[in-house]
Amino acid sequence: MRGLVINGHGALDRVEHRDDVPPPELRRPGDVRIRVRAAALNHLDLFVVAGLPGVTITPPWVLGADATGEIESVGSAVHDLAIGDRVIVNPGLSDRSCEFCEAGEHSLCVRFGLLGEHAPGTFAEYVVVPASNVRVIPRGIPDEIAAAFTLATLTAWRMVVTRARVRPEEHVLIQGIGGGVALAALQICKSLGAHVWVTSRSEAKLERAKALGADETIHATEGVDAAREVRMRTGRRGVDVVVDGVGSATWTQSLGALARGGRLVTCGATSGPMVETDMRRLFWNQWSILGSTMGNDAEFDAIAGELAAGRLYPPIDRVYALAEGRAAFERLGEAEQFGKIVLTV
Ligand SMILES: [Zn+2]
């Protein structure tokens, strides 16, 4: 089959389009094989190409976490999905047997993994996943929208709804608008009736975020302190919640922007993972720092419902053919995108 693979870790020139990739086989009775129609890039894919500690790949390794397609075959234990069903894929792999899975918290699984990182990915003609990792969606939803939807929306949903519990009228600051998770968080916060602030180094991205409902924008150029900006515009109060997937570049300002009792929720650290925190400010202001990763089955059901109802649609940056996959990776690596980068298969 055709696929976008790496044979070893390194720079983006490692990313290769090949037509001799062995197709994945059903391994367990609960597996399904999907004929992939479109797939979408995530920052995670850049980390996989570069290499992650503790993660080993077997070449040729198929990249990719997000996808949409049709069920092509099912294992003997799969009864609720039929050949030809149109589906989206949850890239989070859990063992379904540990205490956290038993409690319905699949992204807390002690053996949690991700498609494209711990199992062969979606940037290929076929991908195999457990049936519990797919949801059927209506046929009318365009392939690129469905492909771009799941990872970013699931991540943002858990951050905003489950972890930070954003309420109507609350002020939420979203760092680095333009990436998939940040944009999904913006849309979810607006649907909850929150007042949303966004930051970006790009004026053009701020304008587009406004069109999606952002109430306040902060142009984060050299010398601009987002925390000071927020305090100035809120009469020194600060915001209730900060959504920060940027990491070291924004951490101090994110905390500094929080009101007393505020919550900072993070799902990633695209600019770097090591940060310094003044603990005196943390306890005195009674802030909560919340980590979040992917989502559980109930959250997957919730976002699949939002997609089917047309309430949440991911903005698309650009669409490439699978054969142009390396160019798509380069686009993501430059961080110039606004919305998701999609591959059609
Ligand atoms: Zn588990």
- Can you work out which of the residues in the range 266-308 that are of a type in the set (Asp, Glu) and closer than 19 Å to ALA227 by Cα is least open to solvent (accessible area, probe 1.4 Å)? ASP278
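What do you reckon, is ARG135 farther than 27 Å from VAL246 by Cα, modelled with pLDDT under 95, open to solvent by 10 Å² or more (accessible area, probe 1.4 Å) and not in a helix (DSSP H, G or I)?
no
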- Query: Any idea which of (1) under 18 Å from the mean Cα position of the chain (by Cα); (2) under 27 Å from HIS17 (Cβ atoms) is the one ARG163 doesn't satisfy?
  - Reply: (2)
- Out of the range 203-255, which residues are acidic (Asp, Glu), farther than 18 Å from GLN337 by Cα and in contact with a helix residue (DSSP H, G or I) (Cβ under 8 Å, 6 or more places away or on another chain)? GLU216, ASP225
- Task: Restrict the check to the range 110-123 and report whether at least one residue is crowded, with 24+ Cβ neighbours inside 10 Å, part of a loop (DSSP other than H, G, I, E, B) and within 16 Å of the ligand (Cβ to nearest atom).
- Result: no
- Message: Give all pairs with beta carbons closer than 7 Å in which a residue from the range 37-51 that is touching a residue at least 40 places away in the same chain (Cβ under 8 Å) meets a residue that is part of a helix (DSSP H, G or I) and open to solvent by 30 Å² or more (accessible area, probe 1.4 Å); count only pairs at least 6 apart in sequence or on separate chains.
- Response: ARG37/ASP143; ALA38/ASP143; ALA38/GLU144; LEU46/GLY333; VAL49/LEU12; VAL49/ARG14
- Item | the range 63-84, subset closer than 24 Å to LEU322 by Cα and not hydrophobic (A, V, I, L, M, F, W, C), residue surrounded by the most Cβ atoms within 10 Å (Cβ to Cβ) | ASP66
- Members of the range 27-62 found to be assigned to a loop (DSSP other than H, G, I, E, B) and buried (at least 16 other Cβ atoms within 10 Å of the Cβ), listed by number: GLY30, LEU41, ASN42, ILE57, PRO60
- Query: Within the range 281-294, can one find any residue that is at pLDDT below 95 and among the aliphatic types (A, V, I, L, M)?
  - Reply: no
- Query: Pick from the range 96-105 the residues that are touching a residue at least 24 places away in the same chain (Cβ under 8 Å) and more than 7 Å from the ligand (Cβ to nearest atom): which of them is least open to solvent (accessible area, probe 1.4 Å)?
  - Reply: GLY104
- Single match in ALA182, ALA249 (criterion: closer than 23 Å to ARG318 by Cβ and out of contact with any Asp or Glu (no Cβ under 9 Å at 6 or more places or on another chain)): ALA182
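The values are calculated or read from the model by the stated rules, or taken from the named source; none is laboratory data. Here the structure is a predicted model, which is why all the values come from computation and not from measurement. Don't worry about glycine lacking a Cβ; one is built from the backbone with ideal geometry, like all the others, and counts go over all protein chains shown. In case anyone asks, the SASA skips ligands and DNA or RNA and just uses the protein heavy atoms, side chains included. Shrake-Rupley method; radii C 1.70, N 1.55, O 1.52, S 1.80 Å.
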